[in-house]
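Working notes for the structure below.
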Amino acid sequence: MSKGDALLAGDELVLAHHDHAVVHGVSLELRAGAVTALVGPNGSGKSTVLRSLARLHRPRTGQVKLGERPVWGHSALSGKEFARNVTLLTQQRPTPSGVSVRDVVSYGRYPYRTGWRGVDLEGNAAITRAMELTGVTAMADRGVDELSGGELQRVWLASCLAQETSVLLLDEPTNHLDLRYQVEVLDVVRDLANDHDVAVGVVLHDLDHAAIIADEVVLLAEGRVVAAGGVRDVLTGEHLTHAYGVTVHVADDPVTGAIHCRPLGRHTPRPV
Ligand SMILES: Nc1ncnc2c1ncn2[C@@H]1O[C@H](COP(=O)(O)OP(=O)(O)OP(=O)(O)O)[C@@H](O)[C@H]1O
């Protein structure tokens, strides 16, 4: 596997909830060393697409492939094999009681446990590394039921990172996080792509975050791709205004040089 190879791909995915199709023929590829951001309005199908890539939502038609291997059907991979390659940070996460932070992070190692004793030689190093990357080492022995929403978010992210997969799927990973941890999570995601060739698929509501970390953006609206490609090709005022139904002004941020997307409401101040 080398940088740029498609590791996980969805092909012409049609996805339904209770017989009602909500995603209508979406295709996308997650490449080694690249961050792909899924953006779009509420209900546009971002989470459903991500869950399908994570093998949690069976497509009505279309296929998900891990490398050349189909994820659904006769020659599909086993659950543990898939979990050694792909992990998902979901939006809905349980808060178990009587369980420590280290316990939750160690859940991430389940695909590597073999035999009746569950030996996992690399496990401790991976758990320690994941806790350091997400800044939760100091709370290792605390119960997860006594953490704030943002702290818990980082613990679940650490659990995903401990899984050491080549594909990382994240559904709104900056939710609940304060400014410092938003930036740190985005930095960790970029580091994983740059330094470890991880293929990242990330749902983001903050378009400025997408502009900062993504190599590719897929803009969805009503279950269809409005635009897909490089950040500057997709995050245009025209595309965003069409997708979100509100005027969006796009300009270069003078500090970062990245794109800055500003929705213009009725009360947004304008220069006089
Ligand atoms: N469990 C479910 N049962 C029925 N319909 C669902 C279910 N989950 C999602 N939907 C519907 O599917 C469509 C796509 O939802 P999805 O959660 O994928 O959108 P999203 O783009 O991730 O939205 P958001 O930005 O609000 O998180 C929406 O119309 C939603 O109401």
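A simple packing score, the average count of other Cβ atoms within 10 Å per residue, orders the peptides 163-175, 205-217, 59-71 as 163-175, 205-217, 59-71, with the highest score first.
Hey, in the GNM for the chain with a 10 angstrom Cα cutoff, which one of A227, A138, A258 fluctuates hardest? Judging by the Gaussian network model, the answer is A138.
Fully extending the segment from S78 to K3 would add 24.5 nm, taking 0.36 nm per residue of separation and subtracting the current Cα-Cα distance. Here the chain is treated with +1 on each Lys and Arg Cβ and -1 on each Asp and Glu Cβ, and its dipole about the Cα centre works out to around 600 debye.
What is the helix-to-structure angle for 179-196, meaning the angle in degrees between its Cα long axis and the longest Cα principal axis of the chain, kept from 0 to 90 and rounded to the nearest 10? Helix 179-196 sits at roughly 70 degrees to that axis.
Kirkwood analysis of the stretch 180-272, using all unique Cα-Cα pairs, places the hydrodynamic radius at 14.4 Å.
Can you give the helix-only mean residue ellipticity at 222 nm for the chain, where every DSSP H stretch with n ≥ 4 adds -39500 (n - 2.57) and the sum goes over all residues, rounded to the nearest 500 deg cm²/dmol?
Working: 9 runs with 82 residues, N = 272.
The helix-only estimate for the chain comes to -8500 deg cm²/dmol at 222 nm.
Note on the stretch 20-169: the alpha carbon radius of gyration divided by the globular reference 2.2 N^0.38 Å gives 1.13.
Result for the chain in a Gaussian network model with C-alpha springs under 10 Å: among V225, V26, V255, the largest mean-square fluctuation is at V255.
Note on the chain: GNM, Cα springs under 10 Å; of R51, R232, R31, the largest mean-square fluctuation is that of R232. Taken along its three principal axes, the alpha carbon spread of the stretch 1-86 comes to 36, 29, 19 Å, from the longest extent down to the shortest.
Using all pairs of distinct alpha-carbon atoms, the Kirkwood hydrodynamic radius of the stretch 92-164 works out to 12.1 angstrom. For the stretch 172-225, the Kirkwood estimate of hydrodynamic radius, built from reciprocal distances between every pair of different alpha carbons, is 12.0 Å. Expressed as a whole percent, the proportion of Cα-Cα pairs in the stretch 95-219 lying more than 21 Å apart is 40%.
Size descriptors for the chain: radius of gyration and Dmax over Cα atoms are 19.1, 72 Å. Based on the Cβ-Cβ distance from E222 to E12, what FRET efficiency comes out when R0 is 25 Å, to the nearest 0.05? That pair, E222 with E12, gives E of 0.90.
What order, most packed first, do the peptides 76-83, 40-47, 100-107 have when packing is the mean number of other Cβ atoms within 10 Å of each residue? Provide the component values of the computation, followed by the final result.
On the way: 76-83: 14.6, 40-47: 19.1, 100-107: 20.8.
Put in order of decreasing packing, that is 100-107, 40-47, 76-83.
Every read-out reported here was derived from the displayed coordinates using simple, explicitly stated rules and does not represent laboratory data. Being a predicted model, the structure only gives us computed values, none of them experimental. Positions of Cβ are generated from backbone atoms using ideal geometry, with glycine treated the same way; all protein chains shown enter the neighbour counts.
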